[in-house]
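Notes follow once the structure below has been shown.
The values are calculated or read from the model by the stated rules, or taken from the named source; none is laboratory data. Fair warning: this is a prediction, and the values are worked out from it, not measured in the lab. When we count neighbours, we look across all protein chains shown, and the Cβ atoms used for this are built from the backbone with ideal geometry, even at glycine. Just so you know, the surface numbers come from the protein's heavy atoms only, side chains and all, with ligands and any DNA or RNA stripped out. Shrake-Rupley method; radii C 1.70, N 1.55, O 1.52, S 1.80 Å.
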Amino acid sequence: MRTTRLAFLLLLPAALTTAEGRIEQRQSAAPDGIVEIDNPAGSIRVIGWAKNEIQVTGVLGQGASGVDLSVHGRKAVVSVDTMNPHGIKSDLEIRVPAGSRVQIDSFAAEVSVEGVNGEVRAETVNGSIRLSGGFQAAEVSSVNGSIEVSGNTKRLQAESVNGAVTVKGAGGEIAASSVNGLLSVAGSAFDRASLETVSGGLRFEGDLRPEASLDASSVSGATEFVFPATVSADFVITTFSGEIVNELGGPTPTRSSKWTSEKELEFTAGKGGASVTIETLSGTIRLRKRP
């Protein structure tokens, strides 16, 4: 009887842990392998570390049967097992080798990634996405949620339908868009930038490398572009029913014809070389020098 009772007491903590939905798993992984993560709802926090190991901790929502962590060669998969993917929220913290290529899919999870210097792809329908650190490349998208990327990312693609898109510290190549929300991009020197908003403001601050291109368009909302005083670029700017304010110097905007309210401005700053094309349907376009 005493032995049976002791065995029950030893098993009790494990049973409570399972009942509470807490999980912890570890497996060795390649230092630069692929890590696929699937958590339908809740939160996903990914942290890069110096170990060649994947660690999954967190709390499963009621109704989730567990988490699968499997590693096959250079590919690892982390997925939450549930029969109702949209109604069960699980919170996961996943530590991966810093050089991993991380791929995240979710329906309604808040996503954050930090300390990863490989490639990151993250997609969610209802939730925000936050990336911090330096990435070789990143591709992030959300339907209903904001996107925030900070750090020196060499190639970035970011888009949100209903939410702000904020980028800080980027360079190289960027393509960013927002349908309903502010689009703000600030960084160092860009080789190529493609920026698009439908209903929301747009702000860009950065330099352009020789032969770089910046293409920006907005349907409605004020737009602002801040360049260093030494910028060298050829500018082509048009707006159908807005104003153009040029603080870089040079010619003033003109109307394309007396029959329309469309305004246009073409000029060269510095020695030229880079290409800047800005178009809006309505809203002020302001060109400024970096303080």
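Ligands, DNA and RNA excluded, the heavy atoms of residue 288 present near 60 Å² of accessible surface to a 1.4 Å solvent probe.
Checking the table 154/263; 89/154; 89/168; 154/289 against a 27 Å threshold on Cα-Cα, which pairs fail?
Check vs 27 Å cut-off fails for 154/263; 89/154; 89/168.
Computed from Cα atoms, the angle from the helix 2-20 axis to the main principal axis of the chain rounds to 10 degrees. Neighbours of residue 187, meaning other residues whose beta-carbon lies under 13 angstrom from its beta-carbon, give a summed charge of +3 when Lys and Arg score +1 and Asp and Glu score -1. For the chain, a Gaussian network of Cα nodes joined below 10 Å ranks 22, 95, 192 by mean-square fluctuation, and the top entry is 22. Solvent-accessible area of the chain (1.4 angstrom probe, protein heavy atoms only): carbon and sulfur portion equals 51 percent. Counting Lys and Arg as +1 and Asp and Glu as -1 over every other residue whose Cβ lies under 10 Å from the Cβ of residue 105, the net charge comes to -2. Within the shell defined by Cβ-Cβ distances under 14 Å, the residues around residue 218 carry a net charge of -3, with Lys and Arg each +1 and Asp and Glu each -1.
Counting only DSSP beta bridges with both residues in the stretch 25-163, the antiparallel share comes to about 25 percent.
Simple point charges give the picture: +1 on the Cβ of Lys and Arg, -1 on the Cβ of Asp and Glu, and for the chain a dipole about the Cα centre of about 660 debye. Solvent-accessible area of residue 240, all protein chains in place: 100 Å² (probe radius 1.4 Å, heavy atoms, ligands and nucleic acids excluded). Among beta bridges from DSSP that stay inside the stretch 177-245, the antiparallel ones total about 0%.
Just the accessible area per residue of the chain, please: how many Å² with a 1.4 Å probe?
Averaged over the residues of the chain, the accessible area is 49 Å².
A full extension of the chain between residue 161 and residue 219 corresponds to an added length of 19.5 nm, given 0.36 nm per residue minus the alpha carbon distance. Each DSSP beta bridge with both residues in the chain is either parallel or antiparallel, and the antiparallel ones are about 20%.
Every helix of 4 or more DSSP H residues in the chain counts as -39500 (n - 2.57), and over all residues that averages to -2000 deg cm²/dmol at 222 nm.
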